[in-house]
Amino acid sequence: MSRNAVVTGGTRGIGAAIARQLQAAGNAVAVVYHGNDAAAEAFRKDCGIPVYKWNVADFASCESGVAAVQRDLGGPIDVLVNNAGITRDVVLHKMTAEQWREVIDTDLTSCFNMCRVLVPSMRERSFGRIINVASINGQKGQFGQANYAAAKAGMLGFTKALALESAAKGITVNAVAPGYIGTDMVAAVPKDSMARILAQIPVGRLGQPEEIARIVAFLASDAAGFITGSTLSANGGQYMI
Ligand code: NDP
């Protein structure tokens, strides 16, 4: 069945793969990005998925952005993928308040913003699929990532609480916790750290964005109606929980 779907951070990396996978499954998809116009334009040209530029950390921007998406898609959003995320890695004793806030706002508060805007209409229509893209580092912690690990762990609690509130209204809320995936975000990790990380991944390689996208598309489908409040880990065996 065709649904309207929005993917935050959908112009690059994991989000772009998710958007394409949802499109291939027959959904009408829109994606949100923040600053990289060239990547957004290349993505739009390549797959025809409309791109919208706003900061998901800002509530008012989410309100007006969602209204524009719904107007353009011609109906309410059924599927929300909270995927936009950033890192500002630095050990806590050197972390600035700004580095803390930026990551919490972009990675975690964005989930509140988008859900707060969309959940009321999902409740009215008794259907919704929300998938939050968390991280292995929200499950196990990571050196230099107190901000990111806190945001991603927060997403897991948020997922469970909202799943409880939404279950009787036909809305499922799940999280995916990827391990290390070959995207721009991971390309920014220094080479020596990357070698150490690769040595800890039992399957011996990085994941591919498509390997996360297929999970998200399944959780977004009607077939996944009995799965809610869960966290699906896809990390090549790096962390088993
Ligand atoms: P990328 O850095 O490749 O892409 C990030 C996307 O998010 C871009 O489209 C970017 O837009 C968008 N974005 C960033 N900030 C904002 C904002 N404030 N408002 C709107 N859009 C924004 O990330 P990945 O694909 O690597 O990661 C995607 C998600 O998966 C993230 O939440 C990340 O934490 C998580 N993850 C990634 C892993 C990995 O190994 N790559 C592992 C585990 C989790 P723009 O292009 O304009 O900057």
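The values are calculated or read from the model by the stated rules, or taken from the named source; none is laboratory data. Values in this document were obtained by computation on a predicted structure and should not be read as measured data. Here the Cβ positions follow ideal geometry from the backbone for every residue, glycine too, while neighbour counts run over all protein chains shown.
Go through (1) under 22 Å from Gly13 (Cβ atoms); (2) of a type in the set (Lys, Arg); (3) away from the ligand (no atom under 16 Å from the Cβ); (4) over 20 Å from the mean Cα position of the chain (by Cα) and name the single condition Lys169 misses.
Among (1) under 22 Å from Gly13 (Cβ atoms); (2) of a type in the set (Lys, Arg); (3) away from the ligand (no atom under 16 Å from the Cβ); (4) over 20 Å from the mean Cα position of the chain (by Cα), the lone unmet condition for Lys169 is (1).
Just give me the residues in segment 152-161 being buried (at least 23 other Cβ atoms within 10 Å of the Cβ) and away from the ligand (no atom under 13 Å from the Cβ), in sequence order.
Thr159
Does Val81 meet the test of being in contact with a helix residue (DSSP H, G or I) (Cβ under 7 Å, 6 or more places away or on another chain) and modelled with pLDDT of 95 or more? Break it down stepwise before answering.
Working: in contact with a helix residue (DSSP H, G or I) (Cβ under 7 Å, 6 or more places away or on another chain): yes; modelled with pLDDT of 95 or more: yes.
Spelling it out, Val81 is indeed in contact with a helix residue (DSSP H, G or I) (Cβ under 7 Å, 6 or more places away or on another chain) and modelled with pLDDT of 95 or more.
Output the residues belonging to segment 1-13 that are within 15 Å of the ligand (Cβ to nearest atom) and either part of a strand (DSSP E or B) or more than 18 Å from Ile86 (Cβ to Cβ) (or both). Before the answer, list the steps.
From segment 1-13, those within 15 Å of the ligand (Cβ to nearest atom) are 6-13; that's our starting set.
Those that are within 15 Å of the ligand (Cβ to nearest atom) and either part of a strand (DSSP E or B) or more than 18 Å from Ile86 (Cβ to Cβ) (or both): Val6, Val7, Thr8.
Residue by residue, here is whether (1) among the small types (Gly, Ala, Ser); (2) over 30 Å from Gly141 (Cα atoms) holds:
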position: Tyr52; (1), (2): no, yes
position: Gln70; (1), (2): no, yes
position: Gly74; (1), (2): yes, yes
position: Leu92; (1), (2): no, no
position: Met95; (1), (2): no, no
position: Thr106; (1), (2): no, no
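Could you say whether any residue in segment 92-112 is in contact with a strand residue (DSSP E or B) (Cβ under 8 Å, 6 or more places away or on another chain), closer than 26 Å to Tyr239 by Cβ and crowded, with 19+ Cβ neighbours inside 10 Å?
The answer is yes; a qualifying residue exists.
Here is a check on your reading of the model: is Lys94 at pLDDT 95 or above, more than 13 Å from the chain's Cα centre (by Cα), under 23 Å from Gln145 (Cβ atoms) and of a type outside the set (S, T, N, Q)?
Yes, satisfied.
Tell me, please, whether a residue that is more than 10 Å from the ligand (Cβ to nearest atom), over 30 Å from Thr96 (Cβ atoms) and outside any loop (DSSP other than H, G, I, E, B) can be found in segment 130-145.
yes
May I ask you to list the residues in segment 210-235 that are among the small types (Gly, Ala, Ser) and either touching a residue at least 40 places away in the same chain (Cβ under 8 Å) or under 20 Å from Ala153 (Cα atoms) (or both)?
Looking only at segment 210-235, we keep the residues that are among the small types (Gly, Ala, Ser), and these are 213, 217, 220-221, 223-225, 229-230, 233-234.
Passing the criteria: Ala213, Ala217, Ala220, Ser221, Ala224, Gly225, Gly229, Ser230, Ser233, Ala234.
Pull up segment 160-205, narrow it to residues that are of a type in the set (Asp, Glu) and without any contact (Cβ under 8 Å) to a residue 24 or more places away in the chain, then point me to the one that is nearest to Ile130 (Cα to Cα).
Filtering first and then ranking leaves Glu165.
Yes or no: Ala149 under 24 Å from Cys115 (Cα atoms), surrounded by 15 or more Cβ atoms within 10 Å (Cβ to Cβ), in contact (Cβ under 8 Å) with a residue 12 or more places away in the chain and touching a Gly at 6+ places or on another chain (Cβ under 7 Å)?
yes
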